[in-house]
């Protein structure tokens with residue numbers, strides 16, 4: 001069962017188009033996996049559509065034509081938000097999975113359009129693999145991260161924001177236990193050490209706006225170069 005979700009304010013802003021494109025991608029991908037949040041987003045879309053409809057009915061006659069056009073534009077934008085994902089993600093020719101070492105992973109619909117812009121897998125420390133994903137932004141680093149059994153990321157804090165979505169499997173970080181579908185938000189107040197202890201491993205999609213800062217062991221020596229690995 002999915003335990004970690006975007007907060008209600010984030011979902012509301014997502015529906016209204018008030019989030020950054022990166023945050024919208026992460027929440028849309030979470031909604032692909034989380035029936036609860038998908039339903040909330042859909043309900044809020046309907047509520048906002050009705051609200052716009054009510055506002056439009058009260059417009060003055062003099063401005064009715066131009067205002068109606070504005071209303072129609074806004075309504076169209078709401079109905080095209082990722083929460084209403086129909087036409088945007090139903091292309092039959094769209095690749096749905098990524099492969100690593102003989103394993104195939106099906107990605108959420110929102111992330112499938114980025115598969116062609118996903119780089120090759122690189123083996124990092126321990127049983128950790130990383131594949132960079134170009135999501136069209138120079139201000140963040142997006143990666144697919146795979147933790148094999150016993151693999152993990154050394155303890156680290158965050159210089160900025162780290163947002164992750166668990167795509168497959170489970171991991172622990174000394175604070176919580178995360179599983180497929182969980183939306184994980186970390187900032188400068190959080191220090192953790194993700195590790196996977198299950199045979200099937202764990203696949204994550206992670207976005208960073210600043211490099212990680214390693215806080216223990218020999219990994220601290222890599223801090224001057226952390227942007228190479230995680231940014």
Condition met for residue 27 (modelled with pLDDT under 95, closer than 25 Å to residue 168 by Cβ and in a helix (DSSP H, G or I)): no
List every residue pair whose Cβ atoms sit under 7 Å apart, with the two residues 6 or more apart in sequence or on different chains, where the first one lies in region 192-203 and is outside the structural domain of residue 127 (by TED's automatic domain parsing) and the second, anywhere, is outside any loop (DSSP other than H, G, I, E, B) and surrounded by fewer than 19 Cβ atoms within 10 Å (Cβ to Cβ). none
Show me the strands (runs of 3 or more DSSP E) entirely contained within region 105-218 in which 2 or more residues are touching a helix residue (DSSP H, G or I) at 6+ places or on another chain (Cβ under 8 Å). 128-133, 141-147, 162-172, 202-208, 212-214
All but one of (1) surrounded by fewer than 16 Cβ atoms within 10 Å (Cβ to Cβ); (2) more than 20 Å from residue 23 (Cα to Cα) hold for residue 129, so report the exception by its number. (1)
Specify the residue that is farthest from residue 148 (Cα to Cα); the eligible residues are those in region 108-123 that are surrounded by fewer than 16 Cβ atoms within 10 Å (Cβ to Cβ) and in contact with a strand residue (DSSP E or B) (Cβ under 7 Å, 6 or more places away or on another chain). 117
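The values are calculated or read from the model by the stated rules, or taken from the named source; none is laboratory data. Bear in mind the structure is a predicted one, so any value in this text is a computation, not a measurement. Positions of Cβ are backbone-derived with ideal geometry, glycine not excepted, and every protein chain shown enters the neighbour counts.
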